[in-house]
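Taking it in order: structure first as structure tokens, then the write-up.
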Amino acid sequence: MKTRYLVLEDGTVFKGEAFGSEKATIGETVFTTGMTGYQEAISNPSGYGQIVVMTYPMIGNTGINRDDYESIELAINGIVVREYSDEPSNFRSAMTLGDLLKLKGIPGIQGIDTRKLTRLLREKGPLKGKLTAAGEELDASLAIGEAKAYEIPVNQVASISTKKPYSSPGQGKRVVVIDFGLKHGLLRELNKRDFDVIVVPYNTSTEAILSLVPDGILLSNGPGNPEDVEGAADTIKHLIGNAPIFGIGLGHQLLAMSYGAKIQKMKNGHSGGNYPVKDLTTGRTELTSQSHSYVLEESSIASTPLTVTHRALNDGTIEGICHETDRVFSVQFHPEASPGPHDASHLFDRFDNVMNASTRKENFNA
């Protein structure tokens, strides 16, 4: 394998071996703690523009299969692993991870100390970084300057949201999904319950959404800063009261903003499949899958009519909210359980109950 370098904006340089695409890339370097599900992680639209560091030491050993994608195109800019396996062993494997990355033009680096890198990112927060081209001779000062100068894209949602509405038909209730960067696992959960799903672009007007006569509206997950998604919170504000609303991830943040709540960036975001969250409405603690760098500002929630329904047990951040009479609720984590865990998938049943009932007990404690 050819030599490749990961160069961070703080001047740290890691030397490793290239796999995947041979080209160079720049992005925001973040780590994910999932022990499984690397295919879902690299195809999650919430990872748009990131160089993703896998903390689990061996990646690629189960290959890539046709079923576990969370989007058709990969949204990440690069991948960093301790050890890359180019000989997968799994009956579902259709190609290697390296072949997929070559096909999609995404570079990878292996053979570096990912524990050291993760500790660095935990201490300093996400850092902009450059993956050099395969075999390229390193000019450290130039690469550091390029990493520092890199500007993280504004309104990343506009780049990955569907450009036209499309349907995923069912015989049950009609659910309009506003696509801020949705995962396919979300559609699988809706289709499993036979909902008649229509997915619309992130900037679809209130009037156009209501013209579809939805029984419920789902605000999807997505990447980036919710404050950059121009007009979304205002649209949601005018949708409230017309149909039950369920928000996930970025959709959760936008729903809260529509009530006047504020957002703040975390020093270290949540990314992985092992985050414990307490559901305050049931008393249950559930392990959840998460991928976000922003969180609701605690003090701003007190000035809204929203009730906090979920808390992260690691850091106490807000993970869920609801409004008793407006029939809306949302969670910061990913209940669609792709790749897992499956503890919170019952929230889609709760959404079904919200569409069927009007009392708080029936809506939120089902």
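The values are calculated or read from the model by the stated rules, or taken from the named source; none is laboratory data. None of these values were measured; they are calculated from a predicted model. Heads up, the Cβs are rebuilt from the backbone with ideal geometry, glycines too, and the neighbour counts pull from every protein chain shown.
When only residues in the stretch 178-202 that are without any contact (Cβ under 8 Å) to a residue 60 or more places away in the chain and in contact with a helix residue (DSSP H, G or I) (Cβ under 7 Å, 6 or more places away or on another chain) count, which is nearest to residue 336 (Cα to Cα)?
197
Listed residues 217, 198; which is out of contact with any Asp or Glu (no Cβ under 8 Å at 6 or more places or on another chain), surrounded by fewer than 24 Cβ atoms within 10 Å (Cβ to Cβ) and assigned to a strand (DSSP E or B)?
The unique qualifying residue is 198.
Take the residues of the stretch 279-296 that are more than 20 Å from the chain's Cα centre (by Cα) and either more than 18 Å from residue 253 (Cα to Cα) or outside the structural domain of residue 311 (by TED's automatic domain parsing) (or both): which is surrounded by the fewest Cβ atoms within 10 Å (Cβ to Cβ)?
Selected residue: 283.
Here are some residues: 318, 301, 263. Which one is touching a helix residue (DSSP H, G or I) at 6+ places or on another chain (Cβ under 9 Å), crowded, with 20+ Cβ neighbours inside 10 Å and either farther than 21 Å from residue 246 by Cα or not charged (D, E, K, R) (or both)?
The conditions single out 318.
How many residues, within the stretch 8-20, are within 13 Å of residue 129 (Cα to Cα) and within 25 Å of the chain's Cα centre (by Cα)?
2
Could you pull out every one of the helices (runs of 4 or more DSSP H) wholly within the stretch 265-366 that has 2 or more residues that are within 26 Å of residue 47 (Cβ to Cβ)?
347-356
Here is a yes/no grid of residues against (1) under 20 Å from residue 225 (Cα atoms); (2) touching a residue at least 40 places away in the same chain (Cβ under 8 Å); (3) in contact with a Cys (Cβ under 9 Å, 6 or more places away or on another chain); (4) assigned to a helix (DSSP H, G or I):
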site	(1), (2), (3), (4)
117	no, yes, no, yes
121	yes, yes, no, yes
130	no, yes, no, no
133	no, yes, no, no
144	no, yes, no, yes
148	yes, yes, no, yes
151	yes, no, no, no
